[in-house]
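Laboratory data are not the source of any read-out in this text; all were calculated from the coordinates shown. Being a predicted model, the structure only gives us computed values, none of them experimental. No Cβ is skipped: glycine too gets one built from the backbone with ideal geometry, and neighbour counts run over all protein chains shown.
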Amino acid sequence: MLSYLDVTKLYGEVKALDGVTVEFRPGVVNALLGPNGSGKSTMMKMAVGLVRPDSGQVRVNGVDPARDPLAARRIVGYSPEEIVLYESLTPAELFSFVGSIYGVRGDAFGERTNVLIRLFRLEECMGKLIGELSHGNRRKVSIALALLHDPEVIILDEPFSGLDPQAGKILKELLRKYASEGRTVLFSTHVLELAEAVADRVTILHRGRVVGFGTPSDLKERLAAADLETAFLKATGLSEEVRGLLETLWGS
C-alpha cells in the first residue's frame with residue numbers, strides 16, 4: 001500500500017502539496033488526475049525518495065522513502081513522466097545494468113526481459129542506442145525497466161504518453177493483471193476517458209490538495225456528472241472558470 005498522511009511540500013513560496021492525505025490500496029488500479037502543476041509528479045517522486053516532504057508522512061508498504069530510499073526502490077517500479085535514460089547505451093545494455101542493480105540475474109533475468117521485450121515489441125530496438133529511438137519506444141523501455149524487478153508497487157507517471165494503440169492496450173492489460181495479483185498500481189494521466197476506462201479508483205488533485213476521491217461511478221454520482229471529464233472539471237472548479245472566460249471572449 002502507498003499512503004500519504006498530511007503531506008506538504010513547498011518549492012519556495014509555492015505549495016506543491018498542501019496537507020495531502022490519501023491511500024492507494026493494493027488490488028485495484030488507481031489513477032491520479034489533476035491539472036498541470038497540481039502536485040501529481042511530486043507525489044509520485046516522494047514514493048521513491050526523489051523528493052522529501054516538508055511535513056507529513058509517506059509510506060510504501062510500511063517503508064519511509066525519505067529515510068530509506070533504497071528499500072523503497074526495491075519495492076517500487078517507477079517510470080517518470082520525463083524519460084531519463086542513458087542515451088549512449090542500448091536497451092539491452094540498460095536492461096542488464098538495471099537487472100544487476102536489483103539482483104535480477106540468470107534465468108530470472110532472461111525470462112523477465114524476454115517477456116517484456118516481446119510484450120512491447122522492442123526486439124528490433126535492443127541493439128540500437130537509446131538516443132536513436134523514437135519517443136514511443138523510449139517510453140516502452142522506461143516502463144519495461146520499471147517492471148523488470150517484479151515490483152510490489154507500480155508507479156507510472158503519464159505512461160500512455162507517446163505509446164501507440166497496441167502498446168497502450170498491452171499496458172492497460174498489464175496494470176489490470178498486476179492489480180489482480182494484489183499489487184499496488186498507480187498511474188497518472190491527462191486523458192480522462194482512459195482513466196475512466198482503466199481505473200478502479202480515482203484521486204483528483206488541484207493546487208496541491210485532494211479535491212476528489214473514489215470510484216469513477218462514485219465521483220460522477222457525487223458531482224452530478226455524466227462522465228469523468230465533467231466530474232473532474234467540477235471538482236477542480238474549472239468548469240465555471242472556463243465558462244466565464246469563454247463568455248468574456250465571445251463578448252469581446
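The table for this structure:
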| item | result |
| --- | --- |
| Residue list for the range 102-115, filter: part of a helix (DSSP H, G or I) and touching a Lys or Arg at 6+ places or on another chain (Cβ under 9 Å) | Y102 |
| From A72, A92, residue being within 19 Å of K40 (Cβ to Cβ) and not in a loop (DSSP other than H, G, I, E, B) | A72 |
| Given (1) loosely packed, with under 14 Cβ neighbours inside 10 Å; (2) in contact (Cβ under 8 Å) with a residue 24 or more places away in the chain; (3) within 16 Å of L94 (Cα to Cα), number of the condition I130 does not satisfy | (1) |
| Count - residues of the range 173-184 that are within 19 Å of R112 (Cα to Cα), surrounded by 17 or more Cβ atoms within 10 Å (Cβ to Cβ) and out of contact with any Gly (no Cβ under 7 Å at 6 or more places or on another chain) | 4 |
| Verdict on L89 being over 30 Å from V58 (Cα atoms) and buried (at least 16 other Cβ atoms within 10 Å of the Cβ) | no |
| Flag if E152 is farther than 17 Å from I117 by Cβ and either without any contact (Cβ under 8 Å) to a residue 24 or more places away in the chain or in contact with a strand residue (DSSP E or B) (Cβ under 6 Å, 6 or more places away or on another chain) (or both) | no |
| Near pairs, Cβ below 9 angstrom, 6+ apart or cross-chain, from the range 159-188 (under 16 Å from F120 (Cα atoms)) to any residue that is hydroxyl-bearing (S, T, Y) and part of a helix (DSSP H, G or I) | P159/S142 |
| Residue identified as of a type outside the set (D, E, K, R), under 17 Å from V141 (Cα atoms) and surrounded by 16 or more Cβ atoms within 10 Å (Cβ to Cβ) among P80, P53, P69 | P80 |
| In the range 147-199, the residues that are touching a Pro at 6+ places or on another chain (Cβ under 9 Å) and among the basic types (K, R) | R183 |
| Residue among G34, G110 that alone is closer than 24 Å to S142 by Cβ, crowded, with 20+ Cβ neighbours inside 10 Å and of a type outside the set (S, T, Y) | G34 |
| Positions within the range 77-124 being of a type in the set (G, A, S), in contact with an Asp or Glu (Cβ under 9 Å, 6 or more places away or on another chain) and in contact (Cβ under 8 Å) with a residue 12 or more places away in the chain, in sequence order | G77, S79 |
